[in-house]
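Q: The structure's right below; bear with me while I get my questions together.
The values are calculated or read from the model by the stated rules, or taken from the named source; none is laboratory data. Treat the numbers as computed from the prediction; the structure is a model and nothing was measured. Using ideal geometry, Cβ is built from the backbone for each residue, glycine included, and neighbour counts are taken over all protein chains shown.
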Amino acid sequence: MELNVTTSARGDGLPVLLVHGYSSAGPDWKLTGWTQALERAGRAWVAPDLPGHGRSDMPREPDAYRVDAVVESLRLTLDALELERVDLVGYSLGGELALELALAHPERIRRLVVGGIGNKRPVTAEDASALYEHVARRESPPPGRARELWSYASGLPGADPVALAACLAGISGSRPMDGFERFPGPTLLFAGTDDPVADGIEALQARLANSELFRLEGFDHMTALRVPAARERAVEFLGDGST
Amino acid sequence: MSGVQYVFQLPDLGEGLLDAKVVEWRVAVGDEVERDGPLAEVETEKAAVELPSPVAGRVLELHAGPGETVEVGRPLVTFEVADQPGIVGAVPHEEPRERRVRLRLPDSEG
(Lines give C-alpha, C1' and ligand atoms only; values in the text may rest on other atoms or scores of the structure.)
Protein backbone atom coordinates (compact mmCIF):
# COMPACT_ATOMS: atom_id res chain seq x y z
CA MET A 1 0.00 0.00 0.00
CA GLU A 2 1.36 3.39 -0.99
CA LEU A 3 0.02 6.54 0.58
CA ASN A 4 0.51 10.13 -0.54
CA VAL A 5 1.17 12.41 2.43
CA THR A 6 1.36 16.20 2.58
CA THR A 7 3.28 17.69 5.49
CA SER A 8 4.24 21.13 6.71
CA ALA A 9 7.82 22.13 5.95
CA ARG A 10 8.37 23.48 9.45
CA GLY A 11 6.75 23.87 12.86
CA ASP A 12 7.38 23.10 16.49
CA GLY A 13 6.04 20.77 19.13
CA LEU A 14 4.24 17.53 18.44
CA PRO A 15 3.00 17.35 14.85
CA VAL A 16 -0.74 17.27 14.24
CA LEU A 17 -1.99 14.30 12.23
CA LEU A 18 -4.99 15.36 10.11
CA VAL A 19 -7.34 12.58 8.97
CA HIS A 20 -9.82 13.54 6.26
CA GLY A 21 -13.27 12.09 5.60
CA TYR A 22 -14.92 10.11 2.82
CA SER A 23 -14.50 11.68 -0.64
CA SER A 24 -11.96 14.19 0.69
CA ALA A 25 -8.12 14.17 0.62
CA GLY A 26 -5.20 15.52 2.62
CA PRO A 27 -4.94 18.87 0.78
CA ASP A 28 -8.55 19.65 1.72
CA TRP A 29 -7.19 20.55 5.17
CA LYS A 30 -5.54 23.46 3.38
CA LEU A 31 -8.61 24.38 1.33
CA THR A 32 -10.60 24.59 4.55
CA GLY A 33 -7.99 26.76 6.29
CA TRP A 34 -6.88 24.27 8.94
CA THR A 35 -3.23 23.95 7.95
CA GLN A 36 -2.84 27.73 7.82
CA ALA A 37 -4.39 28.05 11.30
CA LEU A 38 -1.99 25.40 12.63
CA GLU A 39 0.98 27.10 10.97
CA ARG A 40 0.03 30.45 12.48
CA ALA A 41 0.13 28.71 15.87
CA GLY A 42 3.58 27.34 15.03
CA ARG A 43 2.40 23.74 14.71
CA ALA A 44 3.72 21.17 12.27
CA TRP A 45 1.13 18.97 10.53
CA VAL A 46 0.85 15.76 8.55
CA ALA A 47 -2.07 15.11 6.21
CA PRO A 48 -2.21 11.70 4.48
CA ASP A 49 -4.54 10.85 1.63
CA LEU A 50 -6.48 7.84 2.93
CA PRO A 51 -6.50 4.65 0.84
CA GLY A 52 -8.91 5.10 -2.06
CA HIS A 53 -8.53 8.88 -1.96
CA GLY A 54 -6.37 11.64 -3.43
CA ARG A 55 -3.14 10.27 -4.85
CA SER A 56 -2.91 7.22 -2.59
CA ASP A 57 -3.41 3.63 -3.73
CA MET A 58 -7.01 2.74 -4.50
CA PRO A 59 -7.63 -0.94 -3.77
CA ARG A 60 -10.94 -2.25 -5.06
CA GLU A 61 -11.70 -4.80 -2.32
CA PRO A 62 -13.82 -3.79 0.69
CA ASP A 63 -11.51 -5.61 3.13
CA ALA A 64 -8.76 -3.08 2.35
CA TYR A 65 -10.95 -0.40 3.90
CA ARG A 66 -12.03 -2.12 7.10
CA VAL A 67 -11.54 0.29 9.99
CA ASP A 68 -8.79 -1.81 11.61
CA ALA A 69 -6.90 -2.00 8.29
CA VAL A 70 -7.02 1.76 7.69
CA VAL A 71 -6.10 2.47 11.32
CA GLU A 72 -3.10 0.19 10.86
CA SER A 73 -2.14 2.20 7.74
CA LEU A 74 -2.25 5.37 9.84
CA ARG A 75 -0.04 3.77 12.51
CA LEU A 76 2.44 2.67 9.82
CA THR A 77 2.37 6.22 8.45
CA LEU A 78 3.44 7.55 11.86
CA ASP A 79 6.16 4.89 12.01
CA ALA A 80 7.44 5.71 8.52
CA LEU A 81 7.66 9.40 9.41
CA GLU A 82 9.27 8.53 12.76
CA LEU A 83 6.54 10.27 14.73
CA GLU A 84 6.38 8.65 18.14
CA ARG A 85 3.58 10.86 19.47
CA VAL A 86 1.17 13.29 17.81
CA ASP A 87 -1.95 15.35 18.32
CA LEU A 88 -4.76 13.97 16.20
CA VAL A 89 -7.59 15.62 14.28
CA GLY A 90 -10.23 13.76 12.27
CA TYR A 91 -13.43 14.78 10.54
CA SER A 92 -16.40 12.62 9.55
CA LEU A 93 -15.04 9.19 8.54
CA GLY A 94 -11.66 10.56 9.57
CA GLY A 95 -13.15 11.26 13.00
CA GLU A 96 -14.09 7.62 13.44
CA LEU A 97 -10.63 6.56 12.29
CA ALA A 98 -9.05 9.05 14.70
CA LEU A 99 -11.05 7.67 17.63
CA GLU A 100 -10.07 4.12 16.69
CA LEU A 101 -6.40 5.05 16.28
CA ALA A 102 -6.46 6.76 19.69
CA LEU A 103 -8.07 3.66 21.23
CA ALA A 104 -5.61 1.27 19.62
CA HIS A 105 -2.50 3.34 20.47
CA PRO A 106 -3.39 5.73 23.31
CA GLU A 107 0.29 6.18 24.22
CA ARG A 108 0.93 7.79 20.83
CA ILE A 109 -1.93 10.30 20.90
CA ARG A 110 -1.72 13.33 23.19
CA ARG A 111 -4.83 15.35 22.35
CA LEU A 112 -7.71 14.43 20.08
CA VAL A 113 -10.11 16.58 18.04
CA VAL A 114 -13.01 14.83 16.31
CA GLY A 115 -15.70 16.51 14.22
CA GLY A 116 -18.71 15.64 12.13
CA ILE A 117 -19.61 12.27 13.60
CA GLY A 118 -22.33 10.95 15.88
CA ASN A 119 -22.70 7.62 17.59
CA LYS A 120 -23.29 5.55 14.46
CA ARG A 121 -22.26 5.51 10.81
CA PRO A 122 -24.37 7.28 8.18
CA VAL A 123 -24.74 4.13 6.03
CA THR A 124 -25.68 0.58 7.08
CA ALA A 125 -23.44 -2.39 6.26
CA GLU A 126 -26.25 -3.88 4.14
CA ASP A 127 -26.77 -0.76 2.03
CA ALA A 128 -23.04 -0.21 1.51
CA SER A 129 -22.53 -3.85 0.58
CA ALA A 130 -25.40 -3.72 -1.93
CA LEU A 131 -23.89 -0.57 -3.40
CA TYR A 132 -20.51 -2.24 -3.82
CA GLU A 133 -21.97 -5.38 -5.41
CA HIS A 134 -23.80 -3.29 -8.00
CA VAL A 135 -20.89 -0.96 -8.76
CA ALA A 136 -18.42 -3.86 -9.07
CA ARG A 137 -20.80 -5.44 -11.65
CA ARG A 138 -21.13 -2.07 -13.42
CA GLU A 139 -24.81 -1.93 -12.56
CA SER A 140 -26.68 1.10 -11.32
CA PRO A 141 -26.81 0.91 -7.50
CA PRO A 142 -30.13 1.11 -5.60
CA PRO A 143 -31.19 4.59 -4.49
CA GLY A 144 -30.50 5.70 -0.95
CA ARG A 145 -27.98 7.39 1.30
CA ALA A 146 -25.13 5.06 0.27
CA ARG A 147 -25.62 5.89 -3.38
CA GLU A 148 -25.83 9.63 -2.64
CA LEU A 149 -22.48 9.62 -0.80
CA TRP A 150 -20.81 7.40 -3.37
CA SER A 151 -22.21 9.32 -6.32
CA TYR A 152 -20.92 12.65 -4.97
CA ALA A 153 -17.49 11.17 -4.25
CA SER A 154 -17.27 9.47 -7.64
CA GLY A 155 -17.87 12.75 -9.44
CA LEU A 156 -14.78 14.42 -8.00
CA PRO A 157 -11.58 14.66 -10.09
CA GLY A 158 -9.35 11.59 -9.91
CA ALA A 159 -11.98 9.42 -8.21
CA ASP A 160 -12.13 5.64 -8.72
CA PRO A 161 -15.83 4.74 -8.35
CA VAL A 162 -15.17 1.06 -7.61
CA ALA A 163 -12.57 1.89 -4.94
CA LEU A 164 -14.96 4.42 -3.39
CA ALA A 165 -17.77 1.84 -3.28
CA ALA A 166 -15.34 -0.68 -1.75
CA CYS A 167 -14.32 1.95 0.81
CA LEU A 168 -17.90 2.60 1.86
CA ALA A 169 -18.59 -1.14 2.09
CA GLY A 170 -15.39 -1.88 4.03
CA ILE A 171 -15.91 0.89 6.57
CA SER A 172 -19.63 0.28 7.00
CA GLY A 173 -19.06 -3.47 7.36
CA SER A 174 -16.55 -3.03 10.19
CA ARG A 175 -17.47 -3.73 13.80
CA PRO A 176 -19.84 -1.12 15.24
CA MET A 177 -18.41 2.13 16.58
CA ASP A 178 -17.86 1.27 20.22
CA GLY A 179 -15.51 1.40 23.17
CA PHE A 180 -14.35 4.97 22.66
CA GLU A 181 -14.74 5.69 26.38
CA ARG A 182 -11.48 3.84 26.92
CA PHE A 183 -9.39 6.63 25.37
CA PRO A 184 -8.10 8.62 28.36
CA GLY A 185 -6.70 11.69 26.60
CA PRO A 186 -8.33 15.13 26.34
CA THR A 187 -10.83 15.13 23.49
CA LEU A 188 -12.67 17.96 21.72
CA LEU A 189 -15.78 17.06 19.73
CA PHE A 190 -17.37 19.49 17.29
CA ALA A 191 -20.17 19.50 14.73
CA GLY A 192 -22.60 21.83 13.01
CA THR A 193 -26.08 21.93 14.49
CA ASP A 194 -27.53 21.19 11.04
CA ASP A 195 -25.39 18.09 10.43
CA PRO A 196 -27.46 14.87 10.40
CA VAL A 197 -24.25 12.80 10.14
CA ALA A 198 -23.44 14.04 13.66
CA ASP A 199 -26.75 12.89 15.18
CA GLY A 200 -25.95 11.44 18.58
CA ILE A 201 -22.73 13.41 19.13
CA GLU A 202 -24.00 14.30 22.62
CA ALA A 203 -24.26 10.59 23.43
CA LEU A 204 -20.76 10.07 22.07
CA GLN A 205 -19.46 12.89 24.21
CA ALA A 206 -21.17 11.50 27.31
CA ARG A 207 -19.14 8.31 26.87
CA LEU A 208 -15.80 10.12 26.60
CA ALA A 209 -14.62 10.91 30.11
CA ASN A 210 -12.17 13.66 29.30
CA SER A 211 -14.09 15.51 26.60
CA GLU A 212 -15.82 18.70 25.61
CA LEU A 213 -18.33 19.44 22.85
CA PHE A 214 -18.45 22.49 20.57
CA ARG A 215 -21.54 23.03 18.40
CA LEU A 216 -21.47 25.37 15.40
CA GLU A 217 -24.87 27.00 15.23
CA GLY A 218 -26.46 26.82 11.76
CA PHE A 219 -23.66 24.92 10.01
CA ASP A 220 -23.97 21.55 8.26
CA HIS A 221 -21.62 18.66 7.53
CA MET A 222 -19.75 20.41 4.72
CA THR A 223 -19.65 23.94 6.12
CA ALA A 224 -18.72 23.16 9.75
CA LEU A 225 -15.21 22.24 8.66
CA ARG A 226 -14.78 25.58 6.88
CA VAL A 227 -16.07 28.00 9.50
CA PRO A 228 -13.11 29.76 11.20
CA ALA A 229 -14.58 29.23 14.69
CA ALA A 230 -14.11 25.45 14.37
CA ARG A 231 -10.41 25.52 13.52
CA GLU A 232 -9.71 28.35 15.95
CA ARG A 233 -11.29 26.38 18.80
CA ALA A 234 -9.40 23.26 17.76
CA VAL A 235 -6.04 25.03 17.50
CA GLU A 236 -6.60 26.62 20.91
CA PHE A 237 -7.52 23.21 22.35
CA LEU A 238 -4.36 21.65 20.94
CA GLY A 239 -2.14 24.42 22.33
CA ASP A 240 1.53 24.61 21.42
CA GLY A 241 2.12 20.87 21.56
CA SER A 242 4.92 21.17 24.06
CA THR A 243 3.42 19.31 27.03
CA MET B 1 11.05 52.48 -2.91
CA SER B 2 13.47 50.84 -5.24
CA GLY B 3 12.28 47.37 -5.90
CA VAL B 4 11.78 44.51 -8.25
CA GLN B 5 8.56 43.13 -9.55
CA TYR B 6 7.27 39.83 -8.29
CA VAL B 7 4.41 38.12 -10.09
CA PHE B 8 2.38 35.82 -7.86
CA GLN B 9 0.69 33.09 -9.84
CA LEU B 10 -2.37 31.20 -8.61
CA PRO B 11 -0.90 28.22 -6.73
CA ASP B 12 -2.08 24.63 -6.96
CA LEU B 13 -4.83 24.55 -4.33
CA GLY B 14 -5.36 20.83 -4.20
CA GLU B 15 -6.29 17.64 -5.93
CA GLY B 16 -6.80 18.14 -9.60
CA LEU B 17 -8.32 21.59 -9.29
CA LEU B 18 -7.46 23.62 -12.36
CA ASP B 19 -8.75 27.05 -11.46
CA ALA B 20 -10.31 29.19 -8.76
CA LYS B 21 -12.67 32.13 -8.66
CA VAL B 22 -11.72 35.36 -6.93
CA VAL B 23 -14.54 35.98 -4.48
CA GLU B 24 -13.16 39.09 -2.87
CA TRP B 25 -9.90 40.99 -2.85
CA ARG B 26 -8.55 41.85 0.59
CA VAL B 27 -6.05 44.29 -0.92
CA ALA B 28 -6.15 47.10 -3.50
CA VAL B 29 -3.56 48.47 -5.91
CA GLY B 30 -1.07 50.57 -3.95
CA ASP B 31 -1.55 48.70 -0.68
CA GLU B 32 1.47 47.59 1.28
CA VAL B 33 1.02 43.98 2.37
CA GLU B 34 2.95 41.85 4.79
CA ARG B 35 4.08 38.37 4.02
CA ASP B 36 1.29 35.92 4.94
CA GLY B 37 -1.16 38.81 5.16
CA PRO B 38 -4.60 38.19 3.60
CA LEU B 39 -4.63 38.73 -0.17
CA ALA B 40 -7.89 37.38 -1.48
CA GLU B 41 -10.68 34.96 -0.81
CA VAL B 42 -10.86 32.49 -3.65
CA GLU B 43 -13.31 29.69 -4.26
CA THR B 44 -12.67 26.36 -5.93
CA GLU B 45 -15.30 23.78 -6.70
CA LYS B 46 -14.51 22.27 -3.31
CA ALA B 47 -14.17 25.14 -0.87
CA ALA B 48 -13.52 28.78 -0.25
CA VAL B 49 -10.03 29.59 0.97
CA GLU B 50 -8.13 32.70 1.96
CA LEU B 51 -4.91 33.16 0.03
CA PRO B 52 -2.05 34.65 2.04
CA SER B 53 0.52 36.89 0.42
CA PRO B 54 3.74 35.02 -0.45
CA VAL B 55 5.82 38.19 -0.06
CA ALA B 56 5.93 41.55 1.67
CA GLY B 57 5.56 44.38 -0.82
CA ARG B 58 3.31 46.86 -2.57
CA VAL B 59 0.46 45.75 -4.83
CA LEU B 60 1.07 46.98 -8.38
CA GLU B 61 -1.63 45.10 -10.23
CA LEU B 62 -4.52 42.71 -9.59
CA HIS B 63 -4.90 40.44 -12.60
CA ALA B 64 -8.54 39.47 -12.06
CA GLY B 65 -11.66 41.17 -10.80
CA PRO B 66 -14.08 39.81 -8.21
CA GLY B 67 -16.08 36.95 -9.68
CA GLU B 68 -13.47 36.18 -12.32
CA THR B 69 -11.91 32.74 -12.64
CA VAL B 70 -8.14 32.31 -12.78
CA GLU B 71 -6.35 29.19 -13.94
CA VAL B 72 -3.67 27.64 -11.76
CA GLY B 73 -0.29 29.06 -12.79
CA ARG B 74 -1.71 32.28 -14.28
CA PRO B 75 -0.74 35.67 -12.78
CA LEU B 76 -2.90 36.78 -9.88
CA VAL B 77 -1.05 39.73 -8.34
CA THR B 78 2.04 41.71 -9.29
CA PHE B 79 3.95 43.12 -6.34
CA GLU B 80 6.82 45.53 -6.01
CA VAL B 81 9.12 44.00 -3.45
CA ALA B 82 12.17 45.48 -1.77
CA ASP B 83 15.38 45.01 -3.70
CA GLN B 84 18.00 42.90 -2.04
CA PRO B 85 21.49 44.41 -1.84
CA GLY B 86 23.82 42.96 -4.41
CA ILE B 87 21.12 41.05 -6.20
CA VAL B 88 19.64 42.50 -9.34
CA GLY B 89 16.30 41.39 -10.65
CA ALA B 90 15.89 38.54 -8.22
CA VAL B 91 12.87 37.76 -6.10
CA PRO B 92 13.23 36.78 -2.44
CA HIS B 93 13.92 33.12 -1.93
CA GLU B 94 10.82 31.36 -0.69
CA GLU B 95 11.14 28.40 1.60
CA PRO B 96 8.60 25.76 0.72
CA ARG B 97 5.62 25.79 3.08
CA GLU B 98 4.87 22.13 2.67
CA ARG B 99 6.19 18.88 1.32
CA ARG B 100 4.64 15.93 -0.40
CA VAL B 101 5.96 12.48 0.41
CA ARG B 102 5.02 9.08 -0.92
CA LEU B 103 5.11 6.32 1.68
CA ARG B 104 5.29 2.65 0.86
CA LEU B 105 3.82 1.00 3.90
CA PRO B 106 4.93 -2.48 4.88
CA ASP B 107 2.31 -5.20 4.44
CA SER B 108 0.46 -5.22 7.75
CA GLU B 109 0.02 -9.01 7.51
CA GLY B 110 3.78 -9.52 7.44
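Q: So, in the stretch A:194-211, exactly how many residues are surrounded by fewer than 20 Cβ atoms within 10 Å (Cβ to Cβ), closer than 30 Å to residue A:146 by Cα and in contact with a strand residue (DSSP E or B) (Cβ under 8 Å, 6 or more places away or on another chain)?
A: So the answer is 2.
Q: How many of the residues making up the stretch A:215-243 are over 21 Å from residue A:118 (Cα atoms) and surrounded by fewer than 18 Cβ atoms within 10 Å (Cβ to Cβ)?
A: Qualifying residue count, the stretch A:215-243: 7.
Q: Turning to a different aspect of this structure: For the stretch A:23-35, what are the residues that are over 21 Å from residue A:171 (Cα atoms) and more than 7 Å from every other protein chain (Cβ to nearest Cβ)?
A: Passing the criteria: A:29, A:34, A:35.
Q: I would also like to ask the following. Just wondering, is there one or more residues in the stretch A:219-228 that are assigned to a helix (DSSP H, G or I), farther than 23 Å from residue A:123 by Cα and out of contact with any Cys (no Cβ under 7 Å at 6 or more places or on another chain)?
A: yes
Q: I'd like to verify a number: residues in the stretch A:77-93 that are away from chain B (no Cβ under 13 Å), farther than 18 Å from residue A:131 by Cβ and within 17 Å of the chain's Cα centre (by Cα), how many?
A: Total meeting the criteria: 5.
Q: From (1) at pLDDT below 95; (2) crowded, with 24+ Cβ neighbours inside 10 Å, pick out the condition that doesn't hold for residue A:92.
A: Answer for residue A:92: the failing condition is (1).
Q: Check the stretch A:55-76 and report whether any residue there is more than 8 Å from every other protein chain (Cβ to nearest Cβ), among the β-branched types (Val, Ile, Thr) and touching a residue at least 40 places away in the same chain (Cβ under 8 Å).
A: Looking through the stretch A:55-76, at least one residue is more than 8 Å from every other protein chain (Cβ to nearest Cβ), among the β-branched types (Val, Ile, Thr) and touching a residue at least 40 places away in the same chain (Cβ under 8 Å).
Q: Would you call residue A:153 under 29 Å from residue A:206 (Cα atoms), among the hydrophobic types (A, V, I, L, M, F, W, C) and in contact (Cβ under 8 Å) with a residue 12 or more places away in the chain?
A: no
Q: If you don't mind, there's one more thing I want to ask. Among the residues of the stretch A:159-178, is there at least one that is within 30 Å of residue A:107 (Cβ to Cβ) and charged (D, E, K, R)?
A: yes
Q: Please work out if residue B:86 is at pLDDT below 85, part of a loop (DSSP other than H, G, I, E, B) and within 14 Å of the chain's Cα centre (by Cα). Even if it seems obvious, please write down each step before you answer.
A: Numbers: at pLDDT below 85: yes; part of a loop (DSSP other than H, G, I, E, B): yes; within 14 Å of the chain's Cα centre (by Cα): no.
Answer is no for this residue.
Q: Would you mind finding the one in B:72, B:77, B:49 that is closer than 26 Å to residue A:34 by Cα, surrounded by 14 or more Cβ atoms within 10 Å (Cβ to Cβ) and more than 14 Å from every other protein chain (Cβ to nearest Cβ)? Write out each step before concluding.
A: Working: B:72 fails: more than 14 Å from every other protein chain (Cβ to nearest Cβ); B:49 fails: more than 14 Å from every other protein chain (Cβ to nearest Cβ).
Only one candidate qualifies: B:77.
Q: Can you work out which of the residues in the stretch A:5-22 that are under 12 Å from the mean Cα position of the chain (by Cα) and of a type outside the set (A, V, I, L, M) is nearest to the other protein chains (Cβ to nearest Cβ)?
A: Residue satisfying both the conditions and the ranking: A:20.
Q: Please go through (1) facing another protein chain (nearest Cβ under 8 Å); (2) in contact (Cβ under 8 Å) with a residue 40 or more places away in the chain for residue A:41 and return the number of the only condition it doesn't satisfy.
A: (1)
Q: Moving on to the next point. Can you run down the residue pairs with Cβ atoms below 9 Å, 6 or more apart or on separate chains, where the first is in the stretch B:25-52 and over 16 Å from residue B:8 (Cα atoms) and without any contact (Cβ under 8 Å) to a residue 24 or more places away in the chain and the partner is part of a loop (DSSP other than H, G, I, E, B) and basic (Lys, Arg)?
A: B:47/A:226
Q: Criterion first (within 14 Å of another protein chain (Cβ to nearest Cβ) and hydroxyl-bearing (Ser, Thr, Tyr)) does residue B:44 satisfy it?
A: Judged against the criteria, residue B:44 is a match.
Q: Let me ask you something else. Identify all residues within the stretch A:101-119 that are touching a residue at least 60 places away in the same chain (Cβ under 8 Å) and not aliphatic (A, V, I, L, M); write none if there are none.
A: A:106, A:110, A:111, A:115, A:116, A:118, A:119
Q: Those residues that are over 15 Å from residue A:110 (Cβ atoms), within 18 Å of the chain's Cα centre (by Cα) and touching a residue at least 60 places away in the same chain (Cβ under 8 Å), I need them from the stretch A:214-243; list them, please.
A: Correct list: A:221, A:224, A:225, A:226, A:230, A:231.
Q: What number of residues within the stretch A:94-108 satisfy the criterion of being more than 12 Å from residue A:69 (Cα to Cα) and either outside any helix (DSSP H, G or I) or within 11 Å of the chain's Cα centre (by Cα) (or both)?
A: Adding up the residues that qualify gives 6.
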